[in-house]
Amino acid sequence: MKGCIWMIENKNMIEKICKFALSFSNMNTVFIDPLSHVVIEYGYNKIPDILSGYIGNQSFVQNIHKTDSDHDVFFYSSGFKINFICAKVYDDENYLGSIIVGPYLLEEPTALMLEDIIYKNNLSISLRHSIKQYYLGLPLIGTYKAKTIAEFLAYISSDMHSMNFESLKIGDISYNFKTEYLIDPDTLKENTELSMATIEKRYSSENELMFAIENGDREKIDKFLLEDLSSYFKISDRIPSDPLRSRKNLSFVLNTLLRKSAQKGGVHPFYINSISEKFAIQIEKTSSLKQLLDLQNIMILDYCDVVKKFSLKNFNYAVRKAIEFIRISLYQDLSLDMISSSINTNPYELSRQFKKETGKTIIEYINKQRINEAIYIMENENISITSVAGMVGYNDINYFTKVFKKIKGITPSQYRKLNF
């Protein structure tokens, strides 16, 4: 009871400490009570809805409380190779809860690492794209930085009784953001004409960029990045007192424009959404204009690549919906009847049109996609050939081997030995 009263009276103090931890670590920061309820939450990284049932924060929080650690601050790593730093908070001898900083990664999320996570946690390969984008958006830090954050948490959580935020006196920032300069009429006219030319160029470049993204034109994108991206920032600050905030807002606009262009390019929202969320988080976490410019380059290239890889713009509606369904449901037991029923179309018409537009029957297309997925997974030598077959929808290892050999000319084992 005493602990509960203390929590109510000192919630403002704990909130401020969590904000300090957020600013210092640049990572999600939460405070949980002894019953694993999240009381305070600040952060950037939101788990996509499609993944929340698998790697949701609630399961991590519960597991953290089950961790048997004598340390006041300790490190927790989940089965998904996602990491957290936890600091216990006490009022004298009463445990009030824990400040948790994370998630973060200690190693780069390579293809091998992600396949291992999918395999060991029995996840569907259809989640791979969403998992990849989520992991690419997580902070990547070294062990030294992790220990520094742990030391910081240890200090601020152990020294709570001596902190008196109410008595602190902090001076105001005095800076004139509206300094006036004398400009003669001729200079003003010249600058106005230059501004109009700059705005026209920016809009023209923006349209060219959107068109290149829509068509997955990597050659035009590469040329654009060399010549035109800087013009996107040549406009006045809309928040003069916070130029970085102005540039971040522009970056959010660019992210939206790129997302809409990718969608116009025939990419299913399933793939676009995870990329858009990843970049929204990364934009907010940048701390310099240089970081924003670098991130914009990556954004443009990533959206272009996703159009090249997933665009179905040139297929008619039924074929496009069939391919989308196959891609997302590749691990299931697929058949022409099942696919046509799922997309509400006639199986005979679908089969005929699919062959006409792709040059393959639906079964041939499914087998090719599955074998391509299998090759991607086989790079991880810890996953057996039998497990690989099951992950891509083949319950019969002999049939998998037969299909693999028909498409690649050699068995899966031979392919792995030669290539990996």
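All of the numbers you see were taken from the coordinates with simple rules; none came from a lab. Just so you know, these numbers come straight off a predicted model, no measurement behind them. Every residue, glycine as well, gets a Cβ built from its backbone with ideal geometry; the counts of neighbours run over all protein chains shown.
Need the list of lysines near Lys19 for cross-linking: C-alpha distance under 24 angstrom, and skip anything on the same chain fewer than eight residues off. In chain and number order, the partners are Lys11, Lys46, Lys88, Lys145, Lys147, Lys169, Lys248, Lys278, Lys285. Assuming R0 = 22 Å, can you tell me the calculated FRET efficiency for the pair Leu140 and Ser288, based on Cβ-Cβ distance, to the nearest 0.05? Rounded to the nearest 0.05, the efficiency is 0.80. Distant-in-sequence amide contacts of Val39, defined by a placed amide H-H separation under 5 Å and a gap of 5 or more residues or a different chain, comprise Phe31, Ile32, Asp33.
For Val403, the shell of other residues with beta-carbons less than 11 Å away shows a net charge of +4, using +1 for Lys and Arg and -1 for Asp and Glu. On the basis of the beta-carbon distance and an R0 of 51 Å, Asp222 and Ile410 show a calculated FRET efficiency of 0.90.
With the simple model of a label 7 Å out from the Cα in the direction of the Cβ, Asp91 to Phe24 spans 2.3 nm. Annotation: extensible slack from Glu379 through Asp337 equals 11.8 nm (criterion: 0.36 nm per residue apart, minus Cα-Cα distance). Here region 204-224 and region 315-392 have alpha carbon centers that stand 31 Å from each other.
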